[in-house]
Amino acid sequence: MTDAVFTPKTTSTAPARRDIGIKRRYAAERRFRMYGVIAIAIGIFFLCALFFSVFSKGYTAFWQTTIEIPVLLDEKVIDPSNERASNPNVLITANYPLLVRNALADKLGVEKTNRPAMRDMTRFYSDGVRLQLREMVMADPKLIGTTQTIKFLAAADIDSANKGQIDLSVDQSKRKVSDLQVGWMKTLKDEGVMRQSFNTGLFTMGASSRPETSGLGVALIGSLYMMLIVLVFALPIGVAASIYLEEYARKNRFTDIIEVNINNLAAVPSIVFGLLGLAVFINFFGMPRSASLVGGLVLTLMTLPTIIIATRAALRAVPPSIRAAALGLGASKTQVVFHHVLPLAAPGILTGTIIGLAQALGETAPLLLIGMVAFVANAPVTPMDPATALPVQIFMWANEAERAFVERTSGAIIVLLLFLAVMNIAAIILRRRFERRW
């Protein structure tokens, strides 16, 4: 009699269920990947929309319409009484725009007795020629009475019309450029005396009520001063605090409270730091309003948490075996930190510092509260002089009513985006260049 062999009873549904489960997991994975691609596509779409909106409106700000014609520096207009030897102020108060108006009238063959045409002629060129010719004559009074070829700016409306930003097909009562001015533009362009050139004034001029003579010169210098102040104060203080908390301080309730507060400060709205700077630096210490020094100190307070968090993460990334090996060879705690740990963490510290500076460069709210929204026409010489900053200048231009300031606003945004892009790209390159994998 043979023993019966037991065979387990199998069903044909088990493999089918297993296949269905595998298919569901694969389908879920495909959906998740699809959701990720859709999310990235949405982000890229809005980023491209932002860039298109800014660049389409602002790229023309880097070009400016100029007119170059011979101008007679008529002594009857500049110094009719011949008093400049005894009264130099005569050269300051002379009617220099009249010289340009007369030169344009002669160039275009317009009668100076035609008052309506002369009014349109006055609105054809920028009033910035007043300062331009005044500085030229005061630098060399011998030019009075001679004819000089002068290159000056066209008025903002003429510049906009020349760039195609004003619809000239509508009735002239509905636009700021008259038909007579349109004809003058065509004549001057045909003769080659009106053209578009690179707008260096966008980077050298200060604040102005006229769009064509407004520039970012003061804002660029103010931003540079503030970034230097942030770098000088925030980097050593942030690194020192991070080294103490990470390498020396004992882990107890007090250090836990400090760590929590540092993380909270990194999330505090920037306008709160502006209120703090207004109360401490201006009201208590009596520092001057609108000064780059105050702005730099406020941005230092705002940037410190970012640098501390980035530095602590970089220090924590250094393997403990390096510390143990240095201690085993007889190095002191300070030697371990400064000879071994800190050099290895330097790439991460540098990256965090650059990112913190880029964040500070784009801040506006705290600077508004300390008065850096003031109208500053002259470039600051020291950090104690009144100044403004790039984002604040953008804010002020955005509030202007004239259409030409829209172009200036978008152009300033492009400049700010380029600075931020360069700083972030530099952070990425430095991180990849110096990072070490353990």
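Largest first, what is the accessible-area ranking of S332, S197 with a 1.4 Å probe?
On the way: S332 50, S197 25 Å².
Sorted descending by solvent-accessible area, the residues read S332, S197.
Regarding segment 295-381, what are the three Cα extents along the principal axes, ordered largest first, in Å?
Taking the Cα atoms of segment 295-381, the three principal extents are 62, 24, 17 Å.
Provide the per residue accessible area, probe 1.4 Å, for segment 216-288, rounded to a whole number of square angstrom.
Dividing the accessible area of segment 216-288 by its residue count gives 57 Å².
Could you tell me the calculated FRET efficiency between L329 and V280, based on Cβ-Cβ distance and R0 = 51 angstrom, to the nearest 0.05? Can you show the working numbers first?
On the way: r = 46 Å, r/R0 = 0.91.
The pair L329/V280 has a calculated efficiency of 0.65.
When the Cα centres of segment 158-188 and segment 283-299 are compared, how far apart do they sit, in Å?
46 Å
Can you list the residues, at least 5 places off or on another chain, whose amide H is less than 5 Å from the amide H of I150, using H built in the peptide plane?
Here I69, V71 satisfy the definition.
Return the carbon/sulfur percentage of the accessible area of the chain, one whole number, probe 1.4 Å, all protein chains in place. Could the numbers behind the result be given before it?
Values: 15420 of 24690 Å².
Carbon-and-sulfur percentage of accessible area, whole number: 62.
Which helices, taking whole DSSP H runs in the chain, have alpha carbons extending 30 angstrom or more along the helix axis plus mean Kyte-Doolittle at least -1.0?
Details: long enough: 13-58 (67 Å, 0.49); 217-243 (39 Å, 2.29); 292-317 (36 Å, 1.49); 404-434 (46 Å, 1.50).
Span-like helices here: 13-58, 217-243, 292-317, 404-434.
Which percent of Cα-Cα pairs in the chain sits in each 20 Å bin, short to long?
19, 36, 26, 13, 4, 1, 0, 0
To the nearest 0.05, how large is the calculated FRET efficiency for A39 and A267 if R₀ is 25 Å and r is the Cβ-Cβ distance?
On the way: r = 24 Å, r/R0 = 0.95.
FRET efficiency, A39 to A267: 0.60.
Reachable lysines from K251, Cα under 27 Å, same-chain residues fewer than 8 places away excluded?
K333
Let's test the formula: R0 of 25 Å, r as the Cβ-Cβ distance of R403 and A374. What FRET efficiency results, to the nearest 0.05? It would help to have the intermediate numbers written out before the result.
Working: r = 24 Å, r/R0 = 0.97.
Plugging the Cβ-Cβ distance into 1/(1 + (r/R0)^6) gives 0.55.
Note down the relative contact order for the chain as a percent, whole number, built from C-alpha pairs under 8 angstrom at least six residues apart.
Values: 560 pairs, mean separation 81.0, N = 438.
About 18 percent, as a whole number.
Quickly work out the V232-to-K189 label distance, labels modelled 7 Å from Cα along the C-beta direction, and quote it in nm with one decimal.
Going from the K189 label point to the V232 one covers 5.0 nm.
Report, by chain and number, residues whose modeled amide H sits under 5 Å from the one on F375, excluding near sequence neighbours (fewer than 5 apart, same chain).
Under 5 Å from the amide H of F375: no residue qualifies.
Could you pull out every one of the lysines with an alpha carbon less than 30 Å from that of K163, ignoring same-chain neighbours closer than 8 positions?
K57, K107, K112, K151, K174, K176, K186, K189
The values are calculated or read from the model by the stated rules, or taken from the named source; none is laboratory data. A quick note: this is a predicted structure, and the numbers were derived from the prediction, not measured. No Cβ is skipped: glycine too gets one built from the backbone with ideal geometry, and neighbour counts run over all protein chains shown. These area figures cover heavy atoms from the full protein model, side chains too; ligands, DNA and RNA do not enter into them. Shrake-Rupley method; radii C 1.70, N 1.55, O 1.52, S 1.80 Å.
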